[in-house]
Amino acid sequence: MKRLLPLLVILPLAGFRPAPLPPPMPQDGPVRVALVDRDRGTELRSYPADGQRWVAGERGHRYAVRLYNDSPRRVLVVLSVDGVNAISGEDADPSQTGYVLNPGQRADITGWRKTQDEVAQFVFSSPSGSYASRTGRPDNVGVVGVAVFEEARRWYPRPQPILRDRAGPAPAAAEASAAADASASRIEGYSAKSQSPALGTGHGARESSSVRDTDFERATRSPAQVLQLRYDSARNLRARGILLDSPSRLDRQPQAFPNRYVPDPPAR
């Protein structure tokens with residue numbers, strides 16, 4: 001009897017409308033990934049080096065994994081942080097549970113899922129203080145990755161209320177393992193010449209974050225797309241020869257909604 005895995009869907013904001021049905025899926029894959037420094041309120045720039053994309057984090061700062069579904073279809077995103085599934089806490093594997101994104105949806109994953117209504121914040125920590133290290137799994141500290149699956153059905157009805165349900169059958173173990181090995185080989189190619197990372201992802205304070213179960217049938221047994229971002233301290237990235245833009249030198253564009261309350265005017 002095949003085991004059924006629960007899937008979690010991020011509920012869209014009220015008034016959300018899916019993107020219209022489209023041109024074919026982009027060749028480079030349906031999903032984009034970025035890291036967001038929540039304390040600065042900025043999406044962190046990534047830099048290419050050694051066949052990887054690198055992001056400079058700052059110890060003690062909270063961060064989010066930002067997912068963009070650029071496709072006209074629902075997708076399942078299995079999220080790995082430091083080699084750990086961010087929902088289940090298992091050693092990450094593409095066959096596991098993940099987040100389902102609606103067409104055109106952007107979502108920020110802000111922490112390790114504790115319940116359907118709560119997460120423990122992602123926080124840039126020391127490697128030894130990371131959740132992976134504290135649970136005896138330090139080997140993959142410093143990497144965020146996603147395995148993306150397209151949905152099997154080829155017709156797209158109008159959005160319906162999201163119901164609690166269960167996922168379709170999990171991929172066959174052998175094929176899922178092969179997909180995981182292919183993903184891991186990218187990391188191993190880097191690790192052989194890596195210096196010790198200066199950052200990991202800690203298990204931070206609890207905060208509200210609500211999701212619900214939904215059904216999702218994978219179109220293929222292997223991921224349609226695998227992406228990863230390496231993160232480290234700015235010092236380590238510079239030592240690797242990566243030239244970082246200073247935040248003070250980056251152009252800051254005006255924002256209509258800077259997410260602040262109205263302060264009192266200065267006293268006369």
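Compute the length gained on full extension between Thr135 and Arg32: take 0.36 nm times their separation in residues and subtract their Cα-Cα distance, giving the result in nm to one decimal.
Contour length minus the Cα-Cα distance gives 34.2 nm.
How far apart, in nm, are two points set 7 Å out from the Cα along the Cα-to-Cβ line at Glu90 and at Asp50?
So the label points at Glu90 and Asp50 sit 3.0 nm apart.
Placing +1 at every Lys and Arg Cβ and -1 at every Asp and Glu Cβ, with all other atoms neutral, what dipole size does segment 89-134 have around its Cα centre, in debye to the nearest 20?
It comes to approximately 140 debye.
Quick one: if you stick a label point 7 Å off each Cα along the C-beta vector at Glu217 and Ala267, how many nm between them?
Once both label points are built, they end up 7.0 nm from each other.
Residues of segment 38-78 with backbone nitrogen within less than 15 Å of a virtual label 7 Å along the Cα-to-Cβ line of Leu243, please, listed as ranges.
Only 47-49 pass the distance filter.
Please give the contour-minus-distance gain from Ala205 to His61: 0.36 nm per residue of separation, less the Cα-Cα distance, rounded to one decimal in nm.
50.6 nm
Based on the Cβ-Cβ distance from Lys114 to Ala152, what FRET efficiency comes out when R0 is 41 Å, to the nearest 0.05?
0.85
Enter the accessible area per residue of segment 65-114 (Å², integer; probe 1.4 Å; all protein chains in place).
On a per-residue basis, segment 65-114 sits at 24 Å².
The values are calculated or read from the model by the stated rules, or taken from the named source; none is laboratory data. Every value quoted in this text rests on a predicted model; they were computed, and no experiment measured them. Cβ: placed from backbone, ideal geometry, glycine included. Neighbour counts: every protein chain shown. Each accessible area value is taken on the protein alone, full model and side chains, heavy atoms only, with ligands, DNA and RNA left out. Shrake-Rupley method; radii C 1.70, N 1.55, O 1.52, S 1.80 Å.
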